[in-house]
1. Pulled fully out, how much extra length does the chain show between His189 and Glu52, if you take 0.36 nm times their separation in residues and subtract their Cα-Cα distance?
2. Give me the extension gain from Asn129 to Thr242: residue separation times 0.36 nm, minus the current Cα-Cα distance, reported in nm with one decimal.
3. Round to the nearest 0.05 the FRET efficiency obtained for Cys99 and Tyr79 when R0 = 41 Å and r is the Cβ-Cβ distance.
4. Can you list residues from other chains, or at least 5 along the same chain, whose modelled amide H is less than 5 Å from the amide H of Gly182?
5. Which entries in the list Lys95/Lys236; Lys69/Lys95; Lys69/Lys188; Lys41/Lys222; Lys95/Lys188; Lys128/Lys222 go over 29 Å, if you measure between the two C-alpha atoms of each?
6. With only Lys, Arg, Asp and Glu charged, each at its Cβ (+1 for the first two, -1 for the last two), find how big the charge dipole of the range 97-240 is about the Cα centre; round to the nearest 20 debye.
7. Just subtract the alpha-carbon distance of Leu65 and Lys41 from 0.36 nm times their residue separation and send over the number in nm, one decimal.
Amino acid sequence: MIFTFSRYKTLEQLDHNANEDIVKKMRTASLGVKAFTHSVKNHLLAIRSEAEFLREKLADDPEALYSLKLILNSCADSYEMIDNASDKLSTISLKLTVCRLHVPVEAALAKLTSAEQAVPIEVIRLSKNKVRMDQKHITEVCYNIMINAIEALRGRSNGQITIRIEDQDTWGCIAIADNGPGIAPEHKHDVFSPFFTTKSTSTNWGVGLSYCHKIVTAHDGKIELGDAEGNGTVFKIFLPLT
């Protein structure tokens, strides 16, 4: 019994240390993100200015105009991505209301495009209790995890996402599972770290899951990564029941 208790305390301490490590990385990222975004935006503005100048000079060259249009569109998209990354790593204020767990899940599902909805999604609602949450931010957390699951299932004809909403002791839990390839063991420790990504950085800057971690812990909750039953990945969002 003493051994079991000691082992439990050790595992609990390991989990606490891992969480503290993520929080420190989030603070470091928040401190540097303003300087980073300011510098990159200046470069993008310079590129846009030169492209607009060339567009006037080469008004009679259709091929050049087409290439310059692509450059300007890319600058605009990059500018927006930088703003989104900055917003997710900046200080966030929560507007808490009491509601049921299925509310942000349904709101996140409504945000999915028709192409994203092509992946079968099953929602199992077992929770009847309420939690205190910022609906907008928890919706965004659910949406981020759903998008990750959909991307993991890309190209799989038998792809399936299961969302289970239930109560576990004093917690309300939203579990989002997929039957994709899963996450490599060597990457699991880093998935909530800011700017960590295994995807192409041209479309993904690695701030989605760090944002999720930041929002959930700000609610005095916790977010866990695990292996789905059989195969795939499951993210569990725990929020204190009211």
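Computed from the coordinates by the stated procedures, all read-outs in this text should not be read as laboratory data. As the structure is a prediction and not an experimental result, all values here were calculated from the model. Here the Cβ is made from the backbone with ideal geometry for all residues, glycine too, and neighbour counts use every protein chain on show.
1. On the way: separation 137, 0.36 × 137 = 49.32 nm, distance 4.43 nm.
Using 0.36 nm per residue and subtracting the Cα-Cα distance, I get 44.9 nm.
2. Values: separation 113, 0.36 × 113 = 40.68 nm, distance 0.77 nm.
That works out to 39.9 nm of additional length.
3. 0.75
4. For Gly182, whose amide H was placed from the backbone, the distant partners under 5 Å are Gly232, Thr233.
5. Checking Cα-Cα distances, Lys69/Lys95; Lys69/Lys188; Lys41/Lys222; Lys95/Lys188 exceed 29 Å.
6. About 320 debye.
7. Stretched out fully, the Leu65 to Lys41 stretch lengthens by 6.3 nm.
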